[in-house]
Amino acid sequence: MRKFLQSFVYAWNGICYGIGAERNTKVHVMAAILVIVAGFMTGLSRTEWFIVIILICGMLALELMNSAVERVVDLLTTERHILAKQAKDLAAGAVLVYAIGSAIIGLMLFIPKWFN
């Protein structure tokens, strides 16, 4: 049981490290805060809140995974290698795809409320 509980401590440490050390993670946290404030001001429905929470958590999780991939690649090689670059670019691309999709969904949720 102790190891199980310790895994939550490690996970929390990872979240805190990611927010504290990674510029892009900080940007995503700030964006999440703005979306949450806008959600309260706009009066999102329960279903819309579910969507927003899933998008925010998914974005933060993907950003943390991207940072982990970058760390592992950097650990494995200090040389410039095409596969290392591709791994980092692919992970960053996954974040970008999710961010664009999240922004589109966010606009689909918020714009009708703002202009009604």
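On the basis of being outside any helix (DSSP H, G or I), modelled with pLDDT of 95 or more and of a type outside the set (F, W, Y), does L44 make the cut?
On the way: outside any helix (DSSP H, G or I): yes; modelled with pLDDT of 95 or more: yes; of a type outside the set (F, W, Y): yes.
The answer is yes for L44.
Only one residue in F50, F110, F40 is touching a residue at least 24 places away in the same chain (Cβ under 8 Å) and more than 21 Å from E22 (Cβ to Cβ). Which one? Full working, then the answer.
Working: F50 fails: touching a residue at least 24 places away in the same chain (Cβ under 8 Å); F40 fails: touching a residue at least 24 places away in the same chain (Cβ under 8 Å).
It is F110.
Would you point out the residue of segment 32-53, among those that are farther than 24 Å from A11 by Cα and among the aliphatic types (A, V, I, L, M), that is surrounded by the most Cβ atoms within 10 Å (Cβ to Cβ)? Reasoning before the result, please.
Of segment 32-53, the ones farther than 24 Å from A11 by Cα are 34-35, 37-49.
Filter again for among the aliphatic types (A, V, I, L, M), leaving 34-35, 37-38, 41, 44.
Numbers: L34: 10, V35: 22, V37: 10, A38: 16, M41: 11, L44: 19.
Filtering segment 32-53 for residues that are farther than 24 Å from A11 by Cα and among the aliphatic types (A, V, I, L, M), the one surrounded by the most Cβ atoms within 10 Å (Cβ to Cβ) comes out as V35.
Please determine whether any residue of segment 78-90 is in contact (Cβ under 8 Å) with a residue 24 or more places away in the chain, over 16 Å from the mean Cα position of the chain (by Cα) and not in a helix (DSSP H, G or I). So that I can check it myself, show each step before the final result.
Of all residues in segment 78-90, those in contact (Cβ under 8 Å) with a residue 24 or more places away in the chain come to none.
Within segment 78-90, none of the residues are in contact (Cβ under 8 Å) with a residue 24 or more places away in the chain, over 16 Å from the mean Cα position of the chain (by Cα) and not in a helix (DSSP H, G or I).
Across segment 74-87, what is the total count of residues that are surrounded by 12 or more Cβ atoms within 10 Å (Cβ to Cβ), farther than 26 Å from I100 by Cβ and of a type in the set (A, V, I, L, M)?
Total meeting the criteria: 1.
Name the residue that is farthest from R71 (Cα to Cα), counting only residues in segment 1-22 that are among the charged types (D, E, K, R) and assigned to a helix (DSSP H, G or I). If you could, list the steps in order and put the result at the bottom.
Just the residues of segment 1-22 that are among the charged types (D, E, K, R), to begin with: 2-3, 22.
Keeping just the survivors that are assigned to a helix (DSSP H, G or I) gives 2-3.
Details: R2: 28, K3: 24 Å.
Only one residue tops the list, namely R2.
Name the single residue, out of those in segment 54-73 being charged (D, E, K, R) and in contact with a helix residue (DSSP H, G or I) (Cβ under 8 Å, 6 or more places away or on another chain), that is surrounded by the fewest Cβ atoms within 10 Å (Cβ to Cβ). Please lay out each step first, then the result.
Keep residues of segment 54-73 that are charged (D, E, K, R), which gives 63, 70-71.
Retained after the next criterion (residues that are in contact with a helix residue (DSSP H, G or I) (Cβ under 8 Å, 6 or more places away or on another chain)): 63, 70.
Values: E63: 25, E70: 16.
Taking the candidates together, the pick is E70.
Select from segment 1-44 the residues that are among the polar types (S, T, N, Q) and closer than 23 Å to A92 by Cβ and write down the one among them that is farthest from the chain's Cα centre (by Cα). Spell out how you get there, then give the answer.
Here is the first cut: in segment 1-44, the ones among the polar types (S, T, N, Q) are 6-7, 13, 24-25, 42.
Now restrict to residues that are closer than 23 Å to A92 by Cβ: 24-25.
On the way: N24: 9, T25: 7 Å.
The extreme case among them is N24.
When Y98 is evaluated against the numbered criteria (1) surrounded by 11 or more Cβ atoms within 10 Å (Cβ to Cβ); (2) touching a residue at least 60 places away in the same chain (Cβ under 8 Å), which criterion, by number, is the only one it fails?
Condition not satisfied by Y98: (2).
Among what's in segment 7-25 and is of a type in the set (A, V, I, L, M) and surrounded by 10 or more Cβ atoms within 10 Å (Cβ to Cβ), pick the residue that is farthest from C57 (Cα to Cα).
Just the residues of segment 7-25 that are of a type in the set (A, V, I, L, M), to begin with: 9, 11, 15, 19, 21.
Then keep just the ones that are surrounded by 10 or more Cβ atoms within 10 Å (Cβ to Cβ); that gives 11, 15, 19, 21.
Values: A11: 14, I15: 12, I19: 13, A21: 18 Å.
By that ranking, first place goes to A21.
Run down V52, V97, V73, V69 and say which single residue is over 30 Å from V37 (Cα atoms), under 15 Å from the mean Cα position of the chain (by Cα) and part of a helix (DSSP H, G or I). Give the derivation first.
Numbers: V52 fails: over 30 Å from V37 (Cα atoms); V97 fails: over 30 Å from V37 (Cα atoms); V73 fails: under 15 Å from the mean Cα position of the chain (by Cα).
Within the list V52, V97, V73, V69, the selection yields V69.
The values are calculated or read from the model by the stated rules, or taken from the named source; none is laboratory data. Note that the structure is a prediction, hence the values are computed from the model and not measured. Glycine also receives a Cβ, built like all others from the backbone with ideal geometry; neighbour counts cover every protein chain displayed.
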